[in-house]
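Everything on this sheet refers to the single structure shown next.
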Amino acid sequence: MKNLGYYNGNIGLIDEISAPITDRAFYFGDGVYDAVMCRNNIPYLLSHHINRIYKNASLLSIAPPNTKEELSLLIKELVKRVDGEEKFVYFHISRGSGIRNHEFTNTKGNLCIMIKPQKIENVYEKMDVCTTKDIRFQMCNIKTLNLIPSVLCAQHAKNNKCEESVFVRDGYVTECSHSNISILKNGKLITAPADCHILPGVTRANLISVAQKNNIEVIEKRYTLAELIDADEIIVTSSSKMAKGVKTVDGKVVGGKDENTLKLLQDEIYFDYINTTNIHL
Ligand code: PLP
């Protein structure tokens with residue numbers, strides 16, 4: 001298949017699969033989601049993404065329709081049906097269905113999955129980013145379907161011919177529209193703390209652990225926009241980008257002062273993805 005859509009057991013091409021309008025995802029964005037890269041039909045770090053969506057569902061009292069093991073097996077089976085070496089797997093669990101009421105009863109959640117071919121490209125090519133005010137709520141640690149500020153932030157990037165847009169809250173950098181952002185300064189990795197203002201990214205966690213493995217001190221603290229611009233290197237991380245450097249922020253040239261450390265961290269992250277998803281495993 002060229003792509004795959006799944007909704008509560010129905011499987012077809014993405015365009016062919018529909019959900020009922022009573023699904024609470026439809027009118028409240030009442031659900032949680034996650035996304036994972038897949039190579040050679042091996043979803044990369046799948047258990048981390050599954051653990052995160054179940055944790056997020058539990059934080060919002062959403063009842064997933066499957067166990068973690070069932071969801072994991074289902075994703076591993078479904079990816080085999082889609083053509084291509086590298087794929088992007090998106091999955092969400094909504095709270096369930098019912099006539100529109102803000103209050104909810106304990107319905108079983110609805111599961112939606114979408115799989116499409118997608119390559120990880122230009123890992124080592126630095127990107128342009130722009131900044132935007134972080135107008136999001138206080139639950140950014142939960143990957144909910146409510147993404148209006150992130151959608152506007154991503155569009156802001158596109159309008160400015162940038163690859164990402166960086167959220168700034170009260171002068172402090174939080175994260176990007178769909179990625180985390182960290183900096184290298186004087187040989188140390190500085191990244192915003194995993195509080196309610198950022199999503200604790202799987203790739204951010206990976207970046208922290210490879211930095212520590214390489215004896216690079218990691219400081220989880222708030223840092224300002226001025227510190228971002230003054231950084232030796234800026235690193236944007238997400239499952240679909242891995243770890244990318246940044247060449248401009250709002251048109252100002254940045255970084256370029258610690259390319260060896262940047263490359264070391266990028267290599268560790270990218271090669272782990274390649275090795276873990278090697279067909280000969
Ligand atoms: N921050 C936000 C707001 C995101 O939407 C994402 C990914 O979609 C990330 C960070 C990166 O998370 P991960 O590394 O788990 O893909």
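The values are calculated or read from the model by the stated rules, or taken from the named source; none is laboratory data. Since this is a predicted model, take the numbers as computed values, not measurements. Quick reminder, even Gly has a Cβ in these numbers, built from the backbone with ideal geometry, and neighbours come from all protein chains shown. Accessible surface areas use protein heavy atoms only, side chains included; no ligands, DNA or RNA. Shrake-Rupley method; radii C 1.70, N 1.55, O 1.52, S 1.80 Å.
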First select every other residue whose beta carbon is under 11 angstrom from the beta carbon of VAL202; then total the charges, Lys and Arg +1, Asp and Glu -1. +2
Measure nothing but the geometry: give the 0 to 90° angle between the long axis through the Cα atoms of 46-59 and the longest principal axis through the Cα atoms of the chain, rounded to 10°. 70
Please compute the modelled spin-label separation between ALA19 and ASN215, points set 7 Å along Cα→Cβ, answer in nm with one decimal. 5.0
What angle do you read, to the nearest 10 degrees and between 0 and 90, between the alpha-carbon axis of helix 148-159 and the longest principal axis of the chain? 50
Going 7 Å from the Cα of GLN138 in the Cα-to-Cβ direction, what parts of region 152-191 have a backbone nitrogen less than 18 Å from that spot? 169-172, 174
Express the relative contact order of the chain as a whole percentage, based on alpha carbon pairs under 8 Å and six or more residues apart in sequence. 18
Accessible surface of the chain [probe 1.4 Å, protein heavy atoms]: carbon and sulfur percent: 53
Cα-Cα over 23 Å: which of LYS143/LYS241; LYS55/LYS80; LYS143/LYS185; LYS133/LYS252; LYS221/LYS244; LYS87/LYS221? LYS55/LYS80; LYS143/LYS185; LYS87/LYS221
Which residues does a label at SER61 reach in region 139-162, if reach means a backbone N under 19 Å from a point 7 Å past the Cα toward the Cβ? 139, 142-146
Can you give me the solvent accessible area of MET1 with a 1.4 Å probe, rounded to the nearest 10 Å²? 70
Measuring from centroid to centroid over Cα atoms, what is the spacing of region 100-171 and region 1-70 in Å? 16
Heavy-atom surface of region 1-60, accessible at 1.4 Å and reported per residue (Å²): 44
0 to 90° range, to nearest 10: angle between helix 68-79 axis and the chain longest Cα axis: 80
Amide H within-cut-off set for SER177, under 5 Å, with H built and near neighbours excluded: SER165, PHE167
